[in-house]
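Colleague: Attaching a single structure in structure tokens format; questions to follow.
The values are calculated or read from the model by the stated rules, or taken from the named source; none is laboratory data. Just so we're clear, the structure is a prediction, and the values are computed from it rather than from any experiment. Here Cβ is always computed from backbone atoms with ideal geometry, including for glycine, and neighbour counts include all displayed protein chains. Note: accessible area is taken over every heavy atom of the protein model, side chains too, but ligands, DNA and RNA are not part of it. Shrake-Rupley method; radii C 1.70, N 1.55, O 1.52, S 1.80 Å.
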Amino acid sequence: MTSTTADTESGNTRLKWLRAERLRLYSGIVLMLFLTTHLLNHTLGLVSLEALEAGRDVFLAIWRNPLGSLLLLGALIIHVILVFAKLLAHRSYRSIPLKEAIQIIFGLAIPPMVIYHIIGTRIVHETLGVNDTYTYVIYALWIATPYQSLLQTGALLIAWAHGCIGVHFWLRLKPSYEKAYPFLYPIALILPVLAICGFLVAAHDVEILAQDQEWLKHFFAKLGLTNDDLIWAEGVRDTGYILILGAWIILGLSRLFWSVHFRVKQLVTVKYPDGREVRVTPGTTVLEASQSGDIPHAAVCGGRGRCSTCRIRIIEGAHLLAPPSDQELSVLKRVGATENTRLACQVAAVGNLSVIPLLPQQATSRAAFSRPDYLQGREKTIAILFADLRAFTKFSETKLPYDVVFVINQYFRHMGEAIENSGGHLDKFIGDGVMALFGLEDEPKVAAENALKAAKAMSDALDRLNDSLKSDLEEPLRLGIGIHIGQVIIGEMGYGKATSITAIGDSVNTASRLEGLTKEYGAQLIFSDRLARAAEFEGSSRTEEVSIRGRAEPLKVHIMTSAQALP
């Protein structure tokens with residue numbers, strides 16, 4: 001992984017709060033807080049119109065003081081400008097994931113839907129001195145212009161969905177979000193429903209009030225709005241519509257610009273495994289290249305550079321790339337990325353590249369969290385344990401399927417607990433066999449000691465299991481255990497749901513062969529002398545040199561009739 005100097009990294013860290021991505025995120029959070037408090041205020045309509053107005057006083061105390069107004073207005077301006085700039089910079093809308101596309105469409109729909117509501121509340125309050133109480137707003141929306149009540153209800157739901165999608169994109173990269181999601185999801189569904197119900201109940205109260213002509217006369221007199229004021233408000237609304245339409249036209253013209261720009265630019269090639277290639281214009285990110293070429297590529301955060309699921313290994317062309325930004329560096333460091341690993345969403349292809357996506361397309365947000373470096377693949381000296389039940393096939397032939405499943409599950413539970421309590425990693429169950437790894441994060445000595453400790457614990461657990469199942473067993477279950485230590489390749493391997501941490505290499509095969517020899521020697525445990533020396537084993541055992549299939553030289557081993565004899 002390319003690194004910058006300490007001074008550059010320090011300078012970038014000081015500027016990280018000013019990055020467009022962060023500003024867009026934080027401004028969006030402010031707007032979401034505003035919308036949340038607005039909906040909470042609406043729900044008070046379920047109590048009474050008076051409660052609704054009282055809640056409005058608290059709402060205004062938060063958002064209409066000088067600091068709250070500055071924060072809200074600043075967040076609105078910053079969010080709109082940065083989102084607009086991001087859309088202009090998109091080389092192709094085809095590369096935008098569906099969820100993000102829905103969020104963008106909702107975001108573009110909000111301004112024309114709410115502009116008249118904003119003019120009729122905050123703007124007329126500031127310019128004409130209108131006290132925009134809930135009674136005034138409900139009368140204007142529900143009685144004076146009923147279609148506006150439908151329009152604003154739709155705007156509320158669209159704005160809420162837009163914000164919830166954004167919050168989801170942000171929080172799903174947090175380790176605690178998985179636990180919080182079952183609570184946040186129903187709140188996100190219920191809150192707008194309660195707010196709409198509160199509005200409808202309050203609207204019914206205002207309808208009753210509006211039937212009193214004296215009340216209406218006093219209501220309009222207190223507002224003090226003239227026809228000129230209404231014409232002015234409509235003029236401001238029309239100007240807003242023109243500006244919004246102009247912005248949409250500019251977005252459309254940007255598509256034309258990029259289309260022409262692509263045709264005059266010399267294309268570069270991004271090569272993928274299996275001989276697949278995508279030709280793109282210089283400056284296109286590798287993630288965009290994958291998406292335009294229909295190459296499966298994970299991107300949990302949607303290409304925002306917040307997660308690491310789009311990470312790739314650069315095989316050729318690394319020298320052509322710009323150094324990673326401080327944002328990319330922080331993400332890569334979080335996951336312990338190795339050399340020549342980059343984020344596909346942050347790497348601009350300015351020359352021909354050859355890359356390998358490191359995660360499957362179905363990768364979840366879990367893959368974005370800090371994880372042990374061995375998951376990415378590395379060589380390490382570990383202890384490998386294989387265990388197998390003796391004559392279990394014969395047992396299963398004489399029992400009902402239910403009995404077989406019950407017994408084997410009891411066996412797996414006891415063996416799994418013995419292994420994990422001894423510091424091992426349960427790799428897999430193979431039929432009635434078990435494979436376990438020791439030392440994924442420990443030194444070889446500790447790994448060897450823990451493997452022997454696990455063998456003893458497994459033997460003890462088997463005795464307890466036999467005792468508890470003696471009424472169901474014609475003869476006690478017997479176990480064969482083989483252990484070896486050596487250098488292997490460990491990492492997260494497999495496909496889809498069948499992915500797990502495992503090890504491959506000659507040492508794994510040797511441990512498996514030792515387990516098989518326990519049948520020949522009538523022993524419960526056979527472990528290599530190399531493991532004995534690593535663990536500084538001083539117990540009593542029979543030693544022999546045995547031939548191992550696949551090894552040219554004989555292997556010195558320790559043979560024990562029962563693993564319970566281990567010190």
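Colleague: Pop out the ³J(HN,Hα) list for region 557-564 in order, Karplus 6.51 cos²θ - 1.76 cosθ + 1.60 with θ = phi - 60°, rounded to Hz; leave Gly and Pro as x.
Modeller: 10, 10, 10, 10, 5, 9, 5, 5
Colleague: Sort by residue number and name the cysteines in the chain that have no neighbouring cysteine Cβ under 4.7 Å.
Modeller: Flagged as lacking a Cys partner: CYS164, CYS197, CYS310, CYS345.
Colleague: List the lysines whose alpha-carbon lies under 28 Å from that of LYS86, not counting same-chain residues fewer than 8 positions away?
Modeller: LYS16, LYS99, LYS174, LYS265, LYS271, LYS333
Colleague: Angle check, please: helix 147-171 long axis (alpha carbons) against the longest principal axis of the chain (alpha carbons), in degrees 0 to 90, nearest 10.
Modeller: That helix lies at roughly 30 degrees to the long axis.
Colleague: Treating only the Cβ of Lys, Arg, Asp and Glu as charged (+1, +1, -1, -1), what charge dipole size does the chain show about its Cα centre? Round to the nearest 20 debye.
Modeller: On the way: 55 positive and 55 negative charges, 298 e Å.
So the magnitude is around 1440 debye.
Colleague: As a test question: what accessible area, to the nearest 10 Å², does LEU70 have when a 1.4 Å probe is rolled over all protein chains in place?
Modeller: For LEU70, solvent-accessible area is about 120 Å².
Colleague: Let me ask something else. Among all the lysines, which ones have a C-alpha under 24 Å from LYS456's C-alpha, if same-chain residues fewer than 8 places away are not counted?
Modeller: Excluding near neighbours in sequence, the set is LYS428, LYS445, LYS470, LYS519, LYS556.
Colleague: Keeping every protein chain in place, order PHE106, PHE183 by accessible area at 1.4 Å, biggest value first, i.e. largest first.
Modeller: If we order PHE106, PHE183 from most to least accessible, we get PHE183, PHE106.
Colleague: What is the calculated FRET efficiency for GLU316 to MET493, with r their C-beta to C-beta distance and R₀ = 35 Å, to the nearest 0.05?
Modeller: 0.90
Colleague: Can you order the peptides 234-242, 322-330 by their average number of other Cβ atoms within 10 Å per residue, highest first?
Modeller: Values: 234-242: 13.2, 322-330: 17.2.
Descending mean neighbour count gives 322-330, 234-242.
Colleague: Any chance you could check the Cα centroid distance between region 483-545 and region 269-290 for me, in angstrom?
Modeller: 43 Å
Colleague: Arrange the residues GLU544, GLU538, GLU553, GLU100 by how much accessible surface each exposes, largest first, with a 1.4 angstrom probe. If you can, show how the numbers build up before the last one.
Modeller: Working: GLU544 60, GLU538 170, GLU553 125, GLU100 10 Å².
Output order, biggest surface exposure first: GLU538, GLU553, GLU544, GLU100.
Colleague: May I ask you to list the trypsin sites (Lys or Arg not before Pro) in region 436-534 that are in a DSSP loop and have at most 13 other Cβ atoms within 10 Å of their Cβ? All intermediate terms of the calculation are to be shown ahead of the outcome.
Modeller: On the way: sites: LYS445, LYS453, LYS456, ARG464, LYS470, ARG478, LYS497, ARG513, LYS519, ARG530, ARG533; in loops: LYS470.
Those satisfying the criteria are LYS470.
Colleague: Given R₀ = 45 Å, FRET efficiency for HIS38-LEU256 by Cβ-Cβ distance, to 0.05? Present the calculation step by step, with values, prior to reporting the outcome.
Modeller: Working: r = 38 Å, r/R0 = 0.85.
Efficiency at R0 = 45 Å is approximately 0.70.
Colleague: Enter the accessible area of VAL508 (Å², nearest 10), with the probe set to 1.4 Å and all protein chains included.
Modeller: Its accessible surface works out to 20 Å², give or take rounding.
Colleague: Here is a follow-up. Would you rank TRP63, TRP215 by solvent-accessible area, highest first, keeping every protein chain in place and using a 1.4 Å probe? If you can, show how the numbers build up before the last one.
Modeller: Details: TRP63 20, TRP215 60 Å².
The residues order as TRP215, TRP63, largest area first.
Colleague: Now, a different point. With every protein chain left in place, what is the accessible area of LEU76 in Å² (1.4 Å probe, nearest 10)?
Modeller: Near enough 80 Å² of accessible area.
Colleague: Provide Rg over Rh for the chain; use the alpha carbon set for both Rg and the Kirkwood Rh (inverse mean inverse pair distance).
Modeller: Numbers: Rg = 33.7 Å, Rh = 29.5 Å.
Radius of gyration relative to Kirkwood radius: 1.14.
Colleague: Tell me, what does the Kirkwood hydrodynamic radius of region 61-207 come to in angstroms if you use every pair of distinct C-alpha atoms?
Modeller: On the way: mean 1/r = 0.0564 Å⁻¹.
Over region 61-207, the inverse of the mean reciprocal pair distance is 17.7 Å.
Colleague: May I ask you to work out the translational diffusion coefficient for region 414-520 at 25 °C, viscosity 0.890 mPa s, via Stokes-Einstein with Rh from the Kirkwood sum over Cα pairs, reported in whole µm²/s?
Modeller: Values: Rh = 14.9 Å.
The calculation lands on 165 µm²/s.
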